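Data first, discussion second: the structure below is written as C-alpha cells.
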Amino acid sequence: MSLSIKDDEIDIVIGALRPDLTSFMNEWRPIFSRFHLIIVKDPDLKEELKIPEGFNLDVYKKPEIDRVVGTSTSTIFSGYSCRYFGYLISRKKFIISVDDDCYPAKDNKGILVDAVAQHITNLTTPATPFFFNTLYDPFTEGADFVRGYPFSLRSGVQCALSCGLWLNLADYDAPTQALKPEERNSRYVDAVLTVPARTLMPISGINIAFNREVIGPALLPSLRLGGEGKFRWETMEDIWSGMCVKVVCDHLGLGVKTGMPYVWRNDRGDAIASLRKEWEGVKLMEEVVPFFQSVRLSREATTTEDCVAEVANVVKEQLGSKDPMFARAAKAMVDWVKLWKSVGSSTSSPGA
C-alpha cells in the first residue's frame, strides 16, 4: 500500500445481507483488522447480526439509518443498496467495499491477496484513459509505457475508481450462469488496466474502491428493478451507478481502473430461479447503454454533484417517458445529491 496513505484515511464498507458474518470477518481479519469498518445491515434483514470481536467498527441498522436520513428515505437502502449508506456516512478519503459472500483470494503463488493494499495502489497511482498502454498499467512494478506512447500523456490523471475482480463465481448475469452452471473462474490474471475514456463498462459493486472526496456522490442507489431480489444477478443498481460514475469521470478528466485485486466469491443463489427477476434488467441494458454513450455534460458541470444532477435531468428528459422506472431513477439521483450535501454538512460523526 502507498506509504503516503494512512490506515485512518480508509473505511471498509460492508453491506450485511445475511446475519452470520463470523466466517466472513475471520477470513478477512488479517487484512481488515488495521482499518475502521462500517457494517450496514440490510433493513429488510430480521435476524440479529453475528460479528466476532476484535475489529474497529460501527454497525448501522434500520433505527440508525432512519435517524440519519428519515424513515421515508431509508427505504432506498434495502438489499445490496444498504452499502450506499456506508458511503454516505463515512468521512474518510477512501472507501473499500466488498460483498459479504466474498473472501480473500490467493494469487498464482498461493499468497493471500491484500485487496485493500492493491485497491489503494490503483487509486494513488495515475490512470491513463486518453491513450491505451498495451503493457497494462505502466505504473505497476515491472511495467512502463510502451514505444510510441506520447510523453505528453505519460503523467496520466487522477484515478477515482478501482474495480476489482472475482475468482470462483464470476459476476455473470443469470442467463449466462444458467447456461453454464458449472463454470467457475480460476484464472488469476496479474494485471491492472485503465478503462479508456468514453468507454462504458458494467461496474460490479462486489469488489470496488473509490476516492470518496473526488467521486463519492456519483456512487448512488437510484435504479431499482420491479422484481429486484437479494442476489447480485437480480439487481442492476451497481450497473446503473457504474455507468453514471464513468460518465462523470470522463467529463471531469478522472480515471477508472479494472483488474486486480481479486476476491474469492462463494456460490450463492439459483441462477435459473433468478432468470425471471433479472430479465427486466437484461432487456434494459440494450436501451441504457446507447443512452449513456450519448450523454455529454456541460462546461458548467465542474463538480461531481453538478454532473450527477445533469445526468439525472437527461435521464428524465430522454428516458423518463419511456418507462416510469427511469423517471424514478432520475428523481432518486437528484434526491441523492441533496442527501449527500445534507448529511455531509452534519457535524455528527459516524457512530455518534
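The values are calculated or read from the model by the stated rules, or taken from the named source; none is laboratory data. Nothing here was measured: the structure is a model prediction, and the numbers come from that model. Every residue, glycine as well, gets a Cβ built from its backbone with ideal geometry; the counts of neighbours run over all protein chains shown. Surface areas here come from the heavy atoms of the whole protein model, side chains and all, with no ligands, DNA or RNA. Shrake-Rupley method; radii C 1.70, N 1.55, O 1.52, S 1.80 Å.
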- request: For region 157-197, enumerate the residues that are of a type in the set (Asp, Glu) and surrounded by 16 or more Cβ atoms within 10 Å (Cβ to Cβ).
  value: Asp171, Asp173
task: Give the residues of region 108-121 that are open to solvent by 10 Å² or more (accessible area, probe 1.4 Å) and either part of a helix (DSSP H, G or I) or in contact (Cβ under 8 Å) with a residue 12 or more places away in the chain (or both), sorted by residue number.
output: Asn108, Leu112, Val113, Asp114, Ala117, Gln118, Thr121
- line: Reported set for region 50-107 where residues are among the charged types (D, E, K, R) and in a loop (DSSP other than H, G, I, E, B) is Glu53, Lys61, Arg91, Lys92, Lys93, Asp99, Asp100, Asp101, Asp107
- prompt: Assuming Ile39 fulfils every condition listed in (1) assigned to a strand (DSSP E or B); (2) β-branched (Val, Ile, Thr); (3) in contact with a helix residue (DSSP H, G or I) (Cβ under 7 Å, 6 or more places away or on another chain) apart from one, which condition is it?
  reply: (3)
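Yes/no per residue for (1) touching a residue at least 24 places away in the same chain (Cβ under 8 Å); (2) touching a His at 6+ places or on another chain (Cβ under 8 Å); (3) among the basic types (Lys, Arg); (4) within 30 Å of Arg224 (Cβ to Cβ):
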residue	(1), (2), (3), (4)
Leu57	no, yes, no, yes
Thr75	yes, no, no, yes
Tyr80	yes, no, no, yes
Arg147	no, no, yes, no
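Yes or no, residue by residue, for (1) out of contact with any Gly (no Cβ under 7 Å at 6 or more places or on another chain); (2) within 28 Å of Gln118 (Cα to Cα):
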| site | (1), (2) |
| --- | --- |
| Ser23 | yes, yes |
| Phe32 | yes, yes |
| Ile39 | yes, yes |
| Asp42 | no, yes |
| Leu49 | yes, no |
| Asp66 | yes, no |
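Matching residues to (1) of a type in the set (A, V, I, L, M, F, W, C); (2) closer than 23 Å to Arg212 by Cβ; (3) open to solvent by 40 Å² or more (accessible area, probe 1.4 Å):
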site: Leu57; (1), (2), (3): yes, yes, yes
site: Pro63; (1), (2), (3): no, no, yes
site: Thr71; (1), (2), (3): no, no, yes
site: Arg83; (1), (2), (3): no, yes, no
site: Leu123; (1), (2), (3): yes, yes, no
site: Phe131; (1), (2), (3): yes, no, yes
site: Gly142; (1), (2), (3): no, no, yes
site: Ser155; (1), (2), (3): no, no, yes
field: Matching residues in region 229-253 - criterion: being part of a helix (DSSP H, G or I), modelled with pLDDT of 95 or more and open to solvent by 20 Å² or more (accessible area, probe 1.4 Å)
entry: Asp250, His251, Leu252
